[in-house]
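Everything on this sheet refers to the single structure shown next.
The values are calculated or read from the model by the stated rules, or taken from the named source; none is laboratory data. Since the structure is predicted, the reported quantities are computational estimates derived from the model, not experimental observations. Virtual Cβ from ideal backbone geometry, glycine too; neighbours counted across all protein chains shown. Side chains are part of the model used for accessible areas, which takes the heavy atoms of the whole protein and leaves out ligands, DNA and RNA. Shrake-Rupley method; radii C 1.70, N 1.55, O 1.52, S 1.80 Å.
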Amino acid sequence: MIVSIMQPYFLPYIGYFQLIEAADIFVIYDHIKYTKKGWINRNRLLLNGHDAFFSLPLKKSSDTLDVVEKELASDYEPEKLLRQFAGAYARAPFFDEIFPLLTEILMCQDRNLFHYIYHSVQLVCRYLDIQTEIRFSSELSFNQELKGQDKVIAICQALNADRYMNAIGGTFLYDRQIFRENQLELQFLQPSPFEYPQFSAPFVPWLSIIDVLMFNPVVRVKQWISDYYTII
């Protein structure tokens, strides 16, 4: 039983979906502090040959709130964000296939930040035929006051996992020996580098999954998600 755990991210890069696909159960933290200037409600697209941020505007609220307690701004206009994507990708080879998916994602009526992001993850996984079971951290039976590595181990134990797989960026956060002492194998997923044509501009790597889908047939993207990584 392989478990992976991540924060909710809005239209993240392909490695996020590789991690979902590689796990038997993927846990999304909902009761976790929202962090400014992170990747929870923003990511990057290609604009005029360069990377540019897009983001979900949020209601002003306490910095101590969990993600599930945050709301989208009342003046958020998904149509405006759709126009931003259309301006960036209208000439992309798979724009006509992907723009309806993007429209369904952005026009979600739920204005809770976590639910809005989860809805986007669900739709992208469905489009890519990723069958992994996705759970919320708050619905699991473990000590919710735990932090860091102890929290991860407790979640894995609650799900009867024998392997925990993390994104490669978290290698410094965890101790393999402590995981072994808790009958868990610790692994890290390292996405393999790859390139694809992005109009006539030099390639910009690790943009939102939407960029990958705009420029590549879905069968190729599925292959990259299934095969283009190394387990460390």
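Miscellaneous remarks
- Checking each residue in segment 126-143 for being surrounded by 18 or more Cβ atoms within 10 Å (Cβ to Cβ) and closer than 17 Å to Ile209 by Cα picks out Tyr127, Leu128, Ile130.
- Only residues that are of a type in the set (A, V, I, L, M, F, W, C), open to solvent by less than 30 Å² (accessible area, probe 1.4 Å) and in contact (Cβ under 8 Å) with a residue 40 or more places away in the chain were counted across segment 149-169, and they come to 7.
- Residues of segment 200-209 satisfying the condition of being in contact (Cβ under 8 Å) with a residue 24 or more places away in the chain and surrounded by 13 or more Cβ atoms within 10 Å (Cβ to Cβ): Val204, Trp206, Leu207, Ser208, Ile209
- From the options Leu146, Leu102, residue that is of a type in the set (A, V, I, L, M, F, W, C) and open to solvent by less than 20 Å² (accessible area, probe 1.4 Å): Leu102
- Here the helices (runs of 4 or more DSSP H) wholly within segment 86-176 that include at least 1 residues being polar (S, T, N, Q) and under 23 Å from Asn216 (Cβ atoms) are 95-106, 113-127.
- Matching residues in segment 44-59 - criterion: being touching an Asp or Glu at 6+ places or on another chain (Cβ under 9 Å) and closer than 12 Å to Leu81 by Cβ: Leu45, Pro57
- Residue check, Pro193 in contact with a Pro (Cβ under 8 Å, 6 or more places away or on another chain), over 30 Å from Lys59 (Cα atoms) and surrounded by 13 or more Cβ atoms within 10 Å (Cβ to Cβ): no
- Scanning segment 215-232 for residues that are open to solvent by 30 Å² or more (accessible area, probe 1.4 Å), among the hydrophobic types (A, V, I, L, M, F, W, C) and in contact with a strand residue (DSSP E or B) (Cβ under 7 Å, 6 or more places away or on another chain) yields Ile231, Ile232.
- Restricting segment 170-185 to residues that are surrounded by 11 or more Cβ atoms within 10 Å (Cβ to Cβ) and farther than 20 Å from Asn143 by Cβ, the residue that is farthest from the chain's Cα centre (by Cα) is Arg180.
- Test: Val212 is crowded, with 18+ Cβ neighbours inside 10 Å and not in a strand (DSSP E or B): yes
- Members of segment 177-193 that are assigned to a helix (DSSP H, G or I) and either touching a residue at least 24 places away in the same chain (Cβ under 8 Å) or not charged (D, E, K, R) (or both): Gln177, Ile178, Phe179
- Restricting attention to segment 56-79 and to residues that are open to solvent by less than 60 Å² (accessible area, probe 1.4 Å) and not hydrophobic (A, V, I, L, M, F, W, C), the residue that is nearest to His115 (Cα to Cα) turns out to be Lys70.
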